[in-house]
Amino acid sequence: MGGRDPIFFATDGMEQKDDWSFRRSKWFAAVEKECKNVKEKVGLLDMTAFAKCRIKGPGAEAFLDKLVANKLPKKAGRINLCHALNTKGGVHSEFTIMRESETSFYLVSAGAYQRLDHDWILRWMPDDGSVQFENLTNSNGVLVVAGPKARELMCRVSKDDFSNDNFKWLSSKMVDVGHAPVNAMRVNFVGELGWELHHPIEYQNHIFDKLIEAGKDLGIKPFGIRAMNSLRVEKSYKLVGTELSIEYSPYESGLDRFIHPNKGSFIGLEALNKWREKGFNNKLVTLEIHNPKDADVLGNNPIYENGSVIGRATGGDYGFRLGKSIALGMVKPELGNVGQKLKVEILGDKYDATILDESPYDPENKLLRA
């Protein structure tokens, strides 16, 4: 993520500075409060650091269709998660793509990879003027509202209709929050009911104040990147650069439902088909770590079976909603079944671990769709 996202919010007279440690340190209790508030009430996260752009023009749809492995959203206002593969079939970039109109698309991706993602688009974009690229990273702010009281909060700050019938999961609408025009997208990275509010940056303070004011008695509190990581790990949500990378095929990373090899040609398709014929060496799994002392998986931890290394953790965290230490990791496919017992090393000690079903928190996405 970019350098300007808050990592956590100091509470109870804590000093507002980070307490660096590989173990659970002073911020652990503060992050727990943030996660529980998102689960029970409503949290507010600043994700302005997201990379954002608009791809438009008569050739925009055909260009994006070739760039990504998923199908593009068909209707204006619909949103799909789409992955751009490299020419060898690995995962290069992940974009949330919202269709604005027949000839215009809004793309959001990780803030830390703005140059990588935007360079990739520009590298493949036709130069005949049929497609235009507009960088919106600095001109658009993003505030994320998430938690069971998110809908009630939105109804207080806007006259628009946020009911489930009118505003489905994975759709977006232009709404007003106070005096501000907002592109509200019903997606989030934490696995609760919520919206990402994309807005012209000059309105950000106005929107922030309206949300905080209207959400006081709902228990609104800000949360940071550490809490977001804990929440996303409980949903088995993947990050580019850890669970997703050019080293792994999208199938190894468990992206099967986002890959449509029969939709027509896209970058990396031939290499992906060859890779599939050859067979895969890895499978992404979600693990529960049993009884860790005072530290959780950070990533690149070795995973063992019978004393041999059979994979590595890509990321992890303590999952406060589940009350479990959770890790995501790549293992040999034959050892990747739910219930498989393994061991994971954390700071020199080996701990028992068990493979869980994907998305152990709310596996049926009932909360997201509420």
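The values are calculated or read from the model by the stated rules, or taken from the named source; none is laboratory data. None of the values given here were measured: they were computed from a predicted structure. Every residue, glycine as well, gets a Cβ built from its backbone with ideal geometry; the counts of neighbours run over all protein chains shown.
Quick one: would you say Val297 is buried (at least 23 other Cβ atoms within 10 Å of the Cβ) and modelled with pLDDT of 95 or more?
Considered against the rule, which asks whether it is buried (at least 23 other Cβ atoms within 10 Å of the Cβ) and modelled with pLDDT of 95 or more, Val297 comes out as yes.
If I ask for residues that are surrounded by 17 or more Cβ atoms within 10 Å (Cβ to Cβ) and polar (S, T, N, Q), which ones from region 87-110 would you list?
Ser93, Thr96, Ser104, Ser109
Picking from Val91, Val142, which residue would you name as being under 17 Å from Thr48 (Cβ atoms) and touching a His at 6+ places or on another chain (Cβ under 6 Å)?
Result of the check over Val91, Val142: Val142.
Report, by residue number, each residue of region 198-208 that is within 13 Å of Val145 (Cα to Cα) and outside any strand (DSSP E or B).
Result: Ile207, Phe208.
Name every residue in region 81-105 that is under 19 Å from Trp275 (Cβ atoms) and in a loop (DSSP other than H, G, I, E, B), in order of residue number.
Within region 81-105, Asn86, Thr87, Lys88, Gly89, Gly90 meet the criteria.
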